[in-house]
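**Student:** Encoded as structure tokens, here's the structure I'll be asking about.
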Amino acid sequence: MTTTTAAPHIEGASSPWWAIPRLAAVLFARHWPQLLFWFFLQRVLYDVLLDNAAIAVAGKSLLLAYAALAVLVVTQLATVIAMFLCLRPSLPVLSQRDVPQTAEPGNRWLHAVTVALLPFFAYYTTWGLLDGLRRQFQIDYLASIAFDEQVSLKDVLHLPWLWLALLVSAVIRHISKKRAESAADSPRGAGWPLLATMCEAYWVFVGARAIAQVIGMGWDWWHGRAAYVVLMRWWEDPRALFHLLAPIKHVLLPAWDLLTTAFGGVVLPLVWLAIAAIIYGMDLKRTRRLDAADQRLADVGARFSALPLLVRKLAGKASNGWTSKGVPVTNSLRLVLRAGLPAVVVLCVGYQALDLVDAWAWRGAVHLLGPHPEHLWNVIGAPVSALVGGPLSTRPSLLTEPLRVVLLAATFDCAIARLDAESTVASRADG
């Protein structure tokens, strides 16, 4: 929240085994009041907008409930961005970088939030990180709305005024993005990215659900065809492909499960590192900004530019999913590898350790508190669930969320320090 704190000097920055945990500890010690403030603001807005807005109107109109959820998404993303930004003055490398000084400090902070909001939301939804909020809304909807007033949350196509709502939100989003681009350097235009993000969140909850329902209808039609039945029988038949398919499946499926588990343990921290980079102003979708001296990538880019226009268009369409999801993750890995393999290990192990705490903290807290009557649990359950997260809750917990933010910020700063050091050495060698 404050922008005048001097950045601490972190010794031993060349050793990520020690530098990252130490910097994370310094960040938490210096900024825990700000982190707690933004965390509790996030929780209050989450509960108010979910229970008192979305669920309150869900019985009358599901489209209005999704509009409230869109506002909720913006508040959650804005508070996450605020957590990262409040750490910036104490990050040794990032605090030394130039920050535009074109407005008052409060307006500069709001401008930084809105600049990061749209790309943050795009990448956030690309990786399906809104699923927790969607599940929580479904749980609360089924528990709070009378059974005879409930409608199917999967049957979006039959909601009244659906297409009008989508058309209005699309028009507002288009106008807001145009205004946001035209006022990109002006803090006075900070409200337009907020409005555009709300419209995009509304499309995620309503438009994407409608498209998924149409696609599901197509899959249901395909699953009822005779060709699909024959194909599935061939796949399940151990005699297929000269009796080699079953042994291959027995070997590949466990290996695939192990690979996907390990992949998930590594990818999610890298996804969040890419999100931290977006917040701090580095676009990891642009590879050359990460490593301008990478001659091989420059050669590939030159050859791609020499291809015919039609080939480039088709290649761009085919690689759109990879460029939106895979390239930032790959560049996150490249970035953190610049700080050394220990930095990757510290980030991934620390992130998974916090996930383990999230998974077991509630059970440990209940075991320590012991059995109590229901009326007493109604009193102590709320603060305990805020601290460690409840068994069915998808909300972040106070025990781990600030630690996760400082771990990501410390890792990113250490990686940038090594990247800047390499750039300095390269420039001296060229000179």
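**Student:** When the Karplus curve 6.51 cos²θ - 1.76 cosθ + 1.60 is applied with θ = phi - 60°, which whole-Hz ³J(HN,Hα) does each residue of segment 208-213 get, with x for Gly and Pro?
**Tutor:** Once rounded to whole Hz, the list reads 5, 5, 5, 5, 5, 5.
**Student:** Something else about it: For Thr394, list long-range residues whose amide hydrogen, built 1.01 Å from N in the peptide plane, is under 5 Å from its own amide hydrogen.
**Tutor:** Amide H neighbours of Thr394: none.
**Student:** Per-residue HN-Hα couplings for segment 144-151, Karplus 6.51 cos²θ - 1.76 cosθ + 1.60 at θ = phi - 60°, whole Hz, x for Gly and Pro?
**Tutor:** Once θ is set to phi - 60°, the couplings for segment 144-151 become 9, 8, 4, 4, 6, 9, 6, 10 Hz.
Quick note: the coordinates plus some simple rules give every number you see, no bench work behind them. Here the structure is a predicted model, which is why all the values come from computation and not from measurement.
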